[in-house]
Structures are given as C-alpha cells and as structure tokens.
Amino acid sequence: MAKGRVEVREEFCKSCGLCVAACPKKVLRISDSINPRGYRPAEQFQDGCIACGICARTCPDVVLTVYRIDE
Amino acid sequence: MSETKVFGMTPTWRRDVHTHYCPGCTHGVAHRLVCEAIDELGIRDEAIGIAPVGCAVLIHQYMDLDFIEAAHGRAPAVAYGIKAVRPDKIVFTYQGDGDLASIGMGEIVHAVNRAWPLTVVFINNAIYGMTGGQMAPTTLLGQKATTCLSGRTAEANGYPVRMCELLATLEGPAYIERVALSKPQHILKAKAAIKKAFENQVNNKGFSFIEVLSTCPTNWGLRPVEACQWLEENMIPYYPLGVFKDFE
C-alpha cells in the first residue's frame with residue numbers, strides 16, 4: 001500500500017477536527033501546540049498514512065497537503 | 001526516494017488569507033469545490049462570481065476571481081445582467097438559504113424559469129448563520145433557533161422549503177441536484193455535481209442549480225463532527241440527496 005505524509009499549514013488550522021474524524025488510518029490528531037490565532041492545529045502523529053487524501057478533501061480551510069512517498 | 005503531491009491547494013483559492021468562517025463550517029469546503037471546478041475546467045479568466053449577503057459575503061476575498069456583491073437575494077438578477085452584456089463569460093452565484101430561499105425567492109424562481117445558462121450554488125444550512133442563528137425558511141420542524149426557541153412548529157412557522165423539488169417543477173432548469181458535505185463520499189459527489197454545473201454553462205446547456213447541504217456548528221450548538229452527524233440524521237431524511245432534473 002502506498003505510503004504518504006500530511007503537511008499542515010498550522011497557522012491556518014482552526015482545530016475543527018474534521019480531518020481527525022475522517023482519516024481512515026487514524027494518523028491525525030489535534031496537537032498540544034497553539035497557533036497565532038489561538039487554535040490547536042492538527043498534526044500527523046504516527047506513520048501509516050496511505051496518501052488517500054480524504055483529510056485534505058474534508059478540510060474547510062485548505063490547510064492540508066498530502067504527499068505520496070515513492071520508493 | 002521522491003514525493004508526489006496527491007492533494008493540495010488549487011490555484012484559485014487565495015493562499016494567504018484566513019477565512020472568517022467558524023471552525024468546522026463547511027462553507028470552506030464548498031468554496032474549495034467551486035475553486036477546483038473552475039481550475040479543472042480552465043475558466044478562471046472567464047469566470048465572474050456574484051457574492052451574496054450572508055456568511056459568504058466575503059467570498060471575493062477567498063477566491064482569486066472577479067466578483068460583484070449583490071443586494072440581499074438579488075444575486076440571480078445581477079448574474080442575468082452580466083450574462084446579458086457578456087454572454088462569453090461564465091457567471092455563477094453562490095448563495096445561502098437566507099439569501100436565496102427567503103428574500104431572494106422571487107428572483108431565483110424567475111431566474112430558473114428564464115433558463116439562460118447560469119450556475120447557482122445554493123448553500124442550505126437550515127439557519128441564518130451571519131445574523132446569529134435565526135429561523136430560516138429551510139429550518140427543520142423541531143429545530144431550535146433564536147427566533148423559535150422551543151423548536152419550529154408547522155402551526156406557528158409553516159413548513160421548511162425544499163428548493164430543489166420546487167424548482168424542478170419548472171420547465172426552465174437544465175440540471176438540478178442536491179448534495180451534502182457531511183462525509184468524504186458526499187464531498188466527492190458534491191465536487192462532481194458542481195463541476196458538471198459549470199460544464200453545462202461552458203457548453204451552453206442551460207440553467208444549473210446545485211443545493212449543498214452544509215453545517216453550521218456554531219448556531220446549531222454542536223461540535224463540528226457532531227454537526228456532520230446531525231446533518232446526516234436530520235437534514236438528509238427531509239432533504240433527500242440526488243438529481244432532480246437533468247437535460248441528458
């Protein structure tokens with residue numbers, strides 16, 4: 001299965017959690033850090049991303065970019 | 001080892017702008033789907049949007065497109081004016097339920113009936129968002145709002161309006177579909193529907209109307225993920241998804 005990676009534009013995240021709920025592999029979570037707007041941004045906290053892109057399609061603020069790692 | 005971008009930002013979305021929407025509001029998803037449809041069809045230079053009055057009033061700050069701000073509910077009338085003088089342009093309106101289904105009800109019915117090639121994206125979140133959660137024409141029976149504190153009742157407030165079914169009875173429209181943004185699979189269908197609505201206008205096929213069931217976590221008083229579940233459980237049974245009219 002493809003391996004992937006999620007990049008978060010932390011400054012624009014509003015901590016809504018829709019990506020965390022949508023991720024089929026549960027590799028995302030709300031982090032403990034705080035961005036300049038006072039929200040806790042989402043982060044990828046473990047391996048296992050399959051580069052499906054569902055999190056990015058669910059995000060209302062276009063903060064997620066999904067990359068597939070080609071080996 | 002190299003990397004391929006699977007999904008990223010579409011060029012029409014303005015990169016450095018914070019949207020003013022509440023966390024978890026699916027307006028952002030609808031904006032992105034419109035941007036993606038425009039970029040995939042390559043009509044960014046031809047597209048002219050009509051901004052509504054409502055939560056999406058600042059849509060022109062989030063999309064790198066030409067926009068005109070219309071008076072409350074009058075976006076279809078402005079769109080007709082633009083299409084009349086510049087028939088080569090791709091004209092679309094993006095309206096909420098307080099705008100299109102309430103004060104703009106007259107405009108949309110006559111706009112649909114005139115059947116020129118235009119695209120209307122109608123966001124239905126069953127409440128007035130910008131003004132603070134008042135009852136909208138689309139508020140469900142039993143749903144609480146700041147102007148029906150114990151829930152909407154048919155005796156006092158009448159019944160919620162189903163816009164797609166209403167407009168599908170007219171001869172004018174070429175394409176009417178209702179989609180939702182509560183789940184990834186619904187978002188994919190919404191993307192296809194919005195793209196088709198723009199494609200119809202590019203091919204001069206007539207009026208396209210897309211109703212998008214959207215969430216309003218703040219005024220519904222729910223967390224974003226709960227709001228998506230609430231939409232699934234309450235709105236979709238009353239507002240069934242699907243194609244109501246298709247010229248093909």
Inset, instruction - Would you point out the residue of segment A:8-22, among those that are assigned to a loop (DSSP other than H, G, I, E, B) and among the hydrophobic types (A, V, I, L, M, F, W, C), that is surrounded by the most Cβ atoms within 10 Å (Cβ to Cβ)? - result: A:Cys16
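Suppose the filter is surrounded by 17 or more Cβ atoms within 10 Å (Cβ to Cβ), free of Cβ contacts under 8 Å to residues at least 60 places away in the same chain and within 30 Å of B:Gly24 (Cβ to Cβ); does B:Ala101 pass it? Show your work before the answer.
Values: surrounded by 17 or more Cβ atoms within 10 Å (Cβ to Cβ): yes; free of Cβ contacts under 8 Å to residues at least 60 places away in the same chain: no; within 30 Å of B:Gly24 (Cβ to Cβ): yes.
For B:Ala101, the condition - surrounded by 17 or more Cβ atoms within 10 Å (Cβ to Cβ), free of Cβ contacts under 8 Å to residues at least 60 places away in the same chain and within 30 Å of B:Gly24 (Cβ to Cβ) - is not met.
Being of a type in the set (A, V, I, L, M, F, W, C) and on the phi > 0 side of the Ramachandran plot is the filter here; which residues of segment A:35-71 pass it?
If the condition is that a residue be of a type in the set (A, V, I, L, M, F, W, C) and on the phi > 0 side of the Ramachandran plot, then A:Ala51, A:Val62 are the ones that fit.
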Inset, instruction - Taking the options B:Leu141, B:Leu167, name whichever one is surrounded by fewer than 16 Cβ atoms within 10 Å (Cβ to Cβ) and in contact with a helix residue (DSSP H, G or I) (Cβ under 7 Å, 6 or more places away or on another chain). - result: B:Leu141
Legend entry - Residues within segment A:10-35 that are more than 9 Å from chain B (Cβ to nearest Cβ), over 9 Å from the mean Cα position of the chain (by Cα) and basic (Lys, Arg), tallied: 2
Inset, instruction - State whether the residues of segment B:29-43 include one that is within 19 Å of A:Phe12 (Cβ to Cβ) and either β-branched (Val, Ile, Thr) or away from every other protein chain (no Cβ under 14 Å) (or both). - result: yes
Inset, instruction - Taking the residues in segment A:36-64 that are of a type in the set (S, T, N, Q) and crowded, with 18+ Cβ neighbours inside 10 Å as candidates, determine which candidate is farthest from the other protein chains (Cβ to nearest Cβ). - result: A:Gln44
Legend entry - Test set (1) assigned to a loop (DSSP other than H, G, I, E, B); (2) among the polar types (S, T, N, Q); (3) without any contact (Cβ under 8 Å) to a residue 40 or more places away in the chain - B:Gln143 fails condition number: (3)
Inset, instruction - Give segment A:23-32 a look and list any residue that's surrounded by 19 or more Cβ atoms within 10 Å (Cβ to Cβ) and in contact with a Gly (Cβ under 6 Å, 6 or more places away or on another chain), or say none. - result: A:Val27
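Sort out which residues of segment B:113-130 are assigned to a loop (DSSP other than H, G, I, E, B) and under 18 Å from the mean Cα position of the chain (by Cα), and write them in order of number.
Of all residues in segment B:113-130, those assigned to a loop (DSSP other than H, G, I, E, B) come to B:115-118, B:125-127, B:129-130.
Scanning segment B:113-130 gives B:Pro117, B:Leu118, B:Asn125, B:Ala126, B:Ile127, B:Gly129, B:Met130.
Among what's in segment A:23-71 and is part of a loop (DSSP other than H, G, I, E, B) and hydroxyl-bearing (Ser, Thr, Tyr), pick the residue that is nearest to B:Thr26 (Cα to Cα). If you could, list the steps in order and put the result at the bottom.
So the first thing to find is which residues in segment A:23-71 are part of a loop (DSSP other than H, G, I, E, B), and the list is A:23-27, A:31-41, A:45-53, A:59-63, A:71.
Those still in the list that are hydroxyl-bearing (Ser, Thr, Tyr) too: A:31, A:33, A:39.
Details: A:Ser31: 22, A:Ser33: 24, A:Tyr39: 18 Å.
This residue is A:Tyr39.
Could you identify the single residue in B:Val91, B:Val85 that is buried (at least 23 other Cβ atoms within 10 Å of the Cβ), modelled with pLDDT of 95 or more and of a type outside the set (Lys, Arg)?
Numbers: B:Val85 fails: buried (at least 23 other Cβ atoms within 10 Å of the Cβ).
One residue alone meets the criteria, B:Val91.
The values are calculated or read from the model by the stated rules, or taken from the named source; none is laboratory data. No experiment lies behind these values; they were computed from the predicted model shown. Methodologically, a virtual Cβ is constructed for each residue, glycine included, from the backbone with ideal geometry; neighbour enumeration extends over all protein chains shown.
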